Amino acid sequence: MLQRMRRLRWTELQLLVAPALLSIVGLILVLVAGQNSEQTTIQQFRVQAGDVWVSLAFIGLIMAIHVWLTARRPQADQVLLPVVAMLTAIGLVMTQRLQPAAASARAGAISLLANKQAIWIGISFVALFLVLSLFKNLSFLRRYKYTWLVLGIGLLVAALAFGGTSGQETSGGPGSRLWFNFGFFQFQPSELLKVILVVFLAAYLVDKRYLLGGSYKIGRLKLPPLPYLAPLGVMVGLALVTVVVQRDLGSALLFFGIFLTMLYVASGQGGYVVAGLSLFALGAYVLYNISGFDYVRDRVGIWLDPWARANDKGYQVVQSLYALANGGIAGQGVGLGRPDFIPVVQSDFIFAAIGEEVGLAGTLAVVALYLILVFRGYHIALRSPNRFAQLLAIGLTTIFGLQAIIIIAGTTRLIPLTGITLPFISYGGSSLITNYLAIGLLLRISAARADEF
């Protein structure tokens, strides 16, 4: 009996109360605000009230994963799932709140956005469950590292050959992203590519760790033999292709940041980071001054002075800044702001919508959740049973931290805006599913033994 009590995940269960309550209370706030709004009709309000099943289904999903972890992986990290569930609940509430702005003029389309997001959340939890239950041994991730490299290259080539635009204006401008369009849903390959990048780098850097000390020197920087740099160069080339061909600056910056982080952890040499950042700065300067890359120049120009182009390409950034300023410390209240003035607010600019309706206090709470997520991920890495698991956990955690930094800094105009999603919060299926795959791997690593790698 005592051993069974120890297996129970009481910490996780108690922490899961918060996202469960938020999904219900948040919906109630949205409905009350919508009922009192002069712009919302009674018919629309009744349709929105039917969205309660979305919140109930979400609660059922997180509790099902908790029960399964208690029964099968009781030693897995107990903070990771509640933090991710809380971020997902925030995204679900904001999607329910923003659906009138994103839906068509037909009242029957009002619930479409939240229902689609609920479907993506359901698929994401299925992906999480499959990773936890089917991956009995994670050694195959390391064994087939070159398969992941070929898969990543093939995925990018397929996107270039058969992909299309998302069909909407994004922060990156029209045609800035390449998607696979399957009719009933769209998939962004760069989302899956970032996980493939981490798996390959973790396996390759572990196998070649003895060469990272270098066989010859350039100044103070020690470099391994050139043949061993070729696969790393291929992965960096994938990041450059996303800029030059796909015009996806956000994904390129994310890929490069993941690469530098994992290379530094594997080698312990700060020279790699300095050299990488220098090359990145040089590449950005070259792209800024080369004709044919006007979108890079546009991004920098909008960052420096968005009000000069407030009527066209700077409109999103200007409206985002107004929304954040309008939110103040405590916000306007859930459902009482006007985030619908911001184009594509449900994906690229959802952080601005949060800032307007729950204020600085709410945005700091969101940032704190990401900090906890990164802390727990690195904590899992420190306790990992071997070097491969450690690098894999570091790379997966860096995805969440770096992606959140890039989009939050872009939304608040600390850096030029790049069109990527806010992890677990922004509307979108490919991002949500990929992030839950990464969380599944982190939970699996936290519960793994040394002989499972």
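Once you have a ≥ b ≥ c as the square roots of the Cα gyration tensor eigenvalues for the range 296-381, tell me rounded if a/c is under 1.5, and otherwise prolate or oblate according to whether a/b is larger than b/c. It is oblate, given that a/c is not under 1.5 and a/b is not larger than b/c.
Put a dot 7 Å past the Cα of VAL32, heading toward its Cβ, do the same for ALA361, and the two dots end up 1.5 nm apart. Comparing Cα centroids, the range 51-93 and the range 355-405 end up 17 angstrom apart. As a proxy for reagent exposure, HIS379, HIS66 were ordered by neighbouring Cβ count within 10 angstrom, fewest first; the result is HIS379, HIS66. Site pair ILE415 and TYR146 shows an inter-label distance of 3.4 nm when each label is modelled 7 Å from Cα along Cα→Cβ. Assuming R0 = 25 Å, can you tell me the calculated FRET efficiency for the pair ALA281 and ASP305, based on Cβ-Cβ distance, to the nearest 0.05? The pair ALA281/ASP305 has a calculated efficiency of 0.70.
In this simple spin-label approximation, ALA161 and VAL52 carry label points 7 Å from Cα along the Cα→Cβ vector, and these lie 5.2 nm apart.
Listed highest first by mean packing, meaning other Cβ atoms within 10 Å per residue, what order do 126-132, 439-445, 271-277 come in?
Order by mean packing, descending: 439-445, 126-132, 271-277.
Full extension of the chain between VAL274 and TYR288 gives 2.9 nm of extra length, using 0.36 nm per residue less the Cα-Cα distance.
Read-outs: derived from the displayed coordinates by stated rules, not from any lab. Keep in mind that what you see is a predicted model, and the values were worked out from it rather than measured. In this analysis, Cβ positions are derived from the backbone assuming ideal geometry, glycine residues included, and neighbour counts consider all displayed protein chains.
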